[in-house]
1. Out of residues 5 or more away from Val94 or on other chains, whose amide H comes under 5 Å of its own, with H placed 1.01 Å from N in the peptide plane?
2. With semi-axes √(5λ) of the Cα gyration tensor in Å defined as stated, name the option among (1) 47, 22, 10; (2) 30, 19, 19; (3) 25, 22, 14 computed from the structure displayed.
3. Amide H of Leu199 versus every other amide H placed in the peptide plane: which residues, excluding those fewer than 5 positions away on the same chain, fall under 5 Å?
4. For a quick check: sort Ser186, Ser27, Ser149 by the number of other beta carbons within 10 angstrom, fewest at the front.
5. Quick check on the exposure proxy: order Arg171, Arg134, Arg25, Arg66 from fewest to most C-beta atoms within 10 angstrom.
6. Any of Lys43/Lys82; Lys142/Lys170; Lys82/Lys179; Lys78/Lys122; Lys82/Lys142; Lys46/Lys170 with alpha carbons more than 26 Å apart? Name them for me.
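The numbers here are math on the coordinates, done by the rules we state, and not lab data. On a predicted model such as this, the values are computed, not experimentally measured, just so you know. Virtual Cβ from ideal backbone geometry, glycine too; neighbours counted across all protein chains shown.
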Amino acid sequence: MSGIINRFFGKKVLINEELLALADRLSFRNSQLDSFLMGHFLKGDKTSLDEYFAFQKQVLELQVDRFESIQIELDLLKQYLKLIEHVVADGFSVKWENKLPCHEEIMLPPLIFFPMIQHAVKNGYNTMSSHPVRIRLSGSPKVLIWEVSYRVNHYLEDQFSDTLLVDFQKRLAYLFPQKHNLLLNSNSNTARITLSVQLF
């Protein structure tokens, strides 16, 4: 009897790991091919088209199973946010704060910071300078803390049900089992996503 139970649960664990591995790749691909940004250019928006192609080329050269330096991640994020500022007709406001000391040597899974920001860009009200997307990086080389907050979209029944975040949570479970914490909080004005990751 115990052998049957062990085989059943062993198979279940294997299937769960395979599903998480697929979610890891799906979340990575969602970030590579950002539908919100791409949609503006597919509609004929020529603003910053060369910059978009240059950014997209860099992103598509990344590989899901090859870690990159945190500096590459941050540089790509800044390019992404600059493109968003150009293509959002109503304006886009963002405030960035980097409190992480001596981070040049940190290696991360590629595009691991992207889903939280892409979610805020897609689902938040970010056109007012008084309500920008706020991004904060802090922690240490051993523990990273990544915070993104934005003005809530009152037309959404659930601020955090977007597939970007759903797949991202599974990616985190695959990459950092028992070594991460993702907090999702919102009130009538602000939605906040806070990720802490233990690297060592």
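1. Long-range HN contacts for Val94: Val133.
2. Answer label, from the structure shown: (2).
3. Close amide H contacts, sequence-distant or interchain: Val143, Leu144.
4. Numbers: Ser186 16, Ser27 28, Ser149 22.
The fewest-first ordering by Cβ neighbours comes to Ser186, Ser149, Ser27.
5. Working: Arg171 26, Arg134 19, Arg25 14, Arg66 9.
Placing the least packed residue first, the sequence is Arg66, Arg25, Arg134, Arg171.
6. Exceeds cut-off: Lys82/Lys179; Lys82/Lys142; Lys46/Lys170.
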